[in-house]
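Chemist: Attaching a single structure in structure tokens format; questions to follow.
Read-outs throughout are calculated quantities, based only on the coordinates presented, and are distinct from any laboratory measurement. All of these numbers come straight from a predicted model, not from anything done at the bench. With ideal geometry, Cβ positions are generated from the backbone for all residues, glycine too; neighbour counts draw on all protein chains shown.
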Amino acid sequence: MTLVPPADEPSAKPNSGLFKRNPPIAGEAEAIEAAKNGDAEAFSKLYALHKRRVYTLCLRMLGNVSEAEDMTQEAFLHLFRKLGSFRGESAFSTWLHRLTVNLVLMHLRKKGLNLVSLEETINPSEDDAPKRDFGSRDPMLTGSVDRVALERAVASLPPGYRMVFVLHDVEGFEHNEIATMLNCSTGNSKSQLHKARLKLRDLLRQTGHSNPALSPTDGFKETAL
């Protein structure tokens, strides 16, 4: 099993998705250095600063509140053990998100969940088959989307669709990175994303939240800050 290294590693690039804006948080750098030296209060500050974003990420990937709570705790326990390896070459929040994503994926594999169907083929004759513009913005997925409705729609996606959608459209991973994380082909990742967007479009239409003005993924922006 090959996982994408934390963004602090030289081989990784900064998050390029909706969360690429990672402005410095007052007191964060000092708390990181103090926590590295065993300051429990400083680590508690890091937990307070980032627990909401880590929990939200876990919930979006897992779609289960109880599991998300457990994995949030696991992520910070892992952070406590790995904090010394953070060198400050990228935003701490980006590095922490990579760490969390890897933990969640390992958790799902231990459960034996097939994240992406490797048998799925790309057949242009199918109504929901992916088109050539895999990486482009889908104008049909735009609208004044209520954030709660969007969260519910994403949570209702099949696990494989939800995982790729969250990793690509929310977390900003590239398809080649997702393919590495999920042990699938780049084409399969693109196919899953395309079908996830189609499914979201239908779900949002059913709830009356589709409108050609705003990408539904914009509804995630505020929750990321």
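Chemist: Three principal axis extents, largest first, for the C-alpha atoms of the range 46-96, in Å?
Modeler: Principal axes ranked by extent give 33, 18, 18 Å for the Cα atoms.
Chemist: So if each residue of separation counts as 0.36 nm, and I subtract the Cα-Cα distance between Val148 and Asp202, what length gain in nm does that give?
Modeler: Length difference between fully extended and current span is 17.8 nm.
Chemist: Just to verify a number: FRET efficiency for Phe80 and Arg109, C-beta to C-beta distance, R0 = 22 Å, to 0.05?
Modeler: Using R0 = 22 Å, I get an efficiency of 0.45.
Chemist: In nanometres, what is the gap between the two model label sites at Glu41 and Ala29, each 7 Å from Cα along Cα-to-Cβ?
Modeler: Spacing of the two 7 Å Cα→Cβ label points: 2.2 nm.
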